[in-house]
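Trainee: Input: one structure, supplied below.
Coordinate-derived values only; no laboratory data. Predicted model, so just to flag it, every value in this text is computed and none were measured. Methodologically, a virtual Cβ is constructed for each residue, glycine included, from the backbone with ideal geometry; neighbour enumeration extends over all protein chains shown.
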Amino acid sequence: MASLKNKIVFVTGASAGIGQACARAFAASGAAILMCARRLERIDMLAEELREDLGVRAHAFSLDVRDREAVEKAVEGLPEEWRAVEVLINNAGLSRGLHKFHEGLVSDWDEMIDANVKGLLYVSRAVIPGMVARGGGHVINIGSIAGREVYPMGNVYCATKYAVRALSKGLRLDLSGTPVRVSEVAPGLVETEFSLVRFHGDAERAGKVYQGYRPLRPEDVADAAVWCATRPPHVSIAEVVVMPTDQASTTLVHKRGT
Ligand code: NDP
Ligand code: 8X3
């Protein structure tokens, strides 16, 4: 098992859900955690928690991954001791709305494409050249089963996750001959703030998504990401699909008593 001790792990979207769980799980393996999100207060608190409880280095900064210039400036302006990113976890992302294609909100589409696809591209473009130059690194993209199977009214969200899968494959091809590894971790239903965001803050509707069965916890996904990152250097985990036992496909979830 490869050690993560003192390795710099950069997690995008660490203020909630899977990103927050990744920050905690990688820190528990001794990694130094570099993290961003728009809600700085949350990640500042998380950084403090990781430093105090786990004794690791942690650095948080505010970033909207949709802002190309801000991404470039933030990565270029990282303090010297945070520049050698070993593992990049492209996690920041969201869904907005669940509408028929022809009734969808264009503003929702823009937000998803800008964060899930363009944001991932901007961060990757800024960070990966350093990995290649240093001769090592690992990119872990958080995809989804929605990137393998389209579900009704998932249209644009699913398209962004299909894009994450294609970009993960494309990146692996283009990094061939370098020691930099690329993994895609593709979860099924995970109980996070995801549905609250999708339904624009409607907590009752969001809660129903996770009722009547046992969804994944964000920690289950973080566990898969840590597993990918701790394989020996000659082992590249291309894709991991993680589903709740109660979920067989994007549309088949075994619910009890609902
Ligand atoms: P959460 O809503 O709990 O967390 C999303 C995170 O992404 C937050 O930290 C949020 O931070 C950040 N984020 C969103 N937009 C931006 C942005 N423009 N710039 C920077 N950070 C941003 O959802 P999840 O943890 O569930 O989602 C994380 C990833 O996992 C997403 O890519 C999602 O598509 C994927 N996923 C989720 C599944 C699920 O069922 N929950 C299943 C499969 C994949 P902030 O708002 O502070 O900027
Ligand atoms: C999130 C999982 O099925 O809600 O990517 O789209 S799903």
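Trainee: Just one of Ala28, Ala21, Ala2, Ala37 is more than 22 Å from Tyr122 (Cα to Cα), within 16 Å of ligand 1 (Cβ to nearest atom) and of a type in the set (A, V, I, L, M); which is it?
Mentor: Result: Ala21 is the single residue among Ala28, Ala21, Ala2, Ala37 that is more than 22 Å from Tyr122 (Cα to Cα), within 16 Å of ligand 1 (Cβ to nearest atom) and of a type in the set (A, V, I, L, M).
Trainee: Let me confirm something: among Asp64, Asp44, Asp108, Asp114, which residue is acidic (Asp, Glu), within 15 Å of ligand 1 (Cβ to nearest atom) and under 21 Å from Ala166 (Cα atoms)?
Mentor: Matching residue, one of Asp64, Asp44, Asp108, Asp114: Asp114.
Trainee: A further question on this structure: Which fully enclosed helices (runs of 4 or more DSSP H) of the range 1-110 have 2 or more residues being of a type outside the set (Phe, Trp, Tyr), within 16 Å of ligand 2 (Cβ to nearest atom) and free of Cβ contacts under 8 Å to residues at least 24 places away in the same chain?
Mentor: Once the helices (runs of 4 or more DSSP H) in the range 1-110 are filtered for at least 2 residues that are of a type outside the set (Phe, Trp, Tyr), within 16 Å of ligand 2 (Cβ to nearest atom) and free of Cβ contacts under 8 Å to residues at least 24 places away in the same chain, nothing remains.
Trainee: Of all the residues that make up the range 195-207, how many are exposed (fewer than 14 other Cβ atoms within 10 Å of the Cβ) and either part of a helix (DSSP H, G or I) or within 13 Å of ligand 1 (Cβ to nearest atom) (or both)?
Mentor: 5
Trainee: Shifting gears a bit: Which residues, taken from the range 224-237, are closer than 22 Å to Ala21 by Cβ and in a loop (DSSP other than H, G, I, E, B)?
Mentor: Thr230, Arg231, Ile237
Trainee: Residue by residue through the range 175-194, note down the ones that are free of Cβ contacts under 8 Å to residues at least 60 places away in the same chain and within 12 Å of ligand 1 (Cβ to nearest atom).
Mentor: Glu184, Val185, Ala186, Glu191
Trainee: Considering only the range 91-111, state which residues are buried (at least 21 other Cβ atoms within 10 Å of the Cβ) and either aliphatic (A, V, I, L, M) or under 18 Å from Asp174 (Cα atoms) (or both).
Mentor: Scanning the range 91-111 gives a single hit, Ala92.
Residues checked against (1) of a type in the set (S, T, N, Q); (2) in a helix (DSSP H, G or I); (3) crowded, with 18+ Cβ neighbours inside 10 Å; (4) within 11 Å of ligand 2 (Cβ to nearest atom):
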position: Tyr122; (1), (2), (3), (4): no, yes, yes, no
position: Ala126; (1), (2), (3), (4): no, yes, yes, no
position: Met131; (1), (2), (3), (4): no, yes, yes, no
position: Cys158; (1), (2), (3), (4): no, yes, yes, yes
position: Lys161; (1), (2), (3), (4): no, yes, yes, yes
position: Ala166; (1), (2), (3), (4): no, yes, no, no
position: Leu173; (1), (2), (3), (4): no, yes, no, no
position: Thr192; (1), (2), (3), (4): yes, no, yes, yes
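Trainee: For the range 137-174, which positions are over 18 Å from the mean Cα position of the chain (by Cα) and touching a residue at least 60 places away in the same chain (Cβ under 8 Å)?
Mentor: Glu149, Val150, Tyr151, Pro152, Gly154
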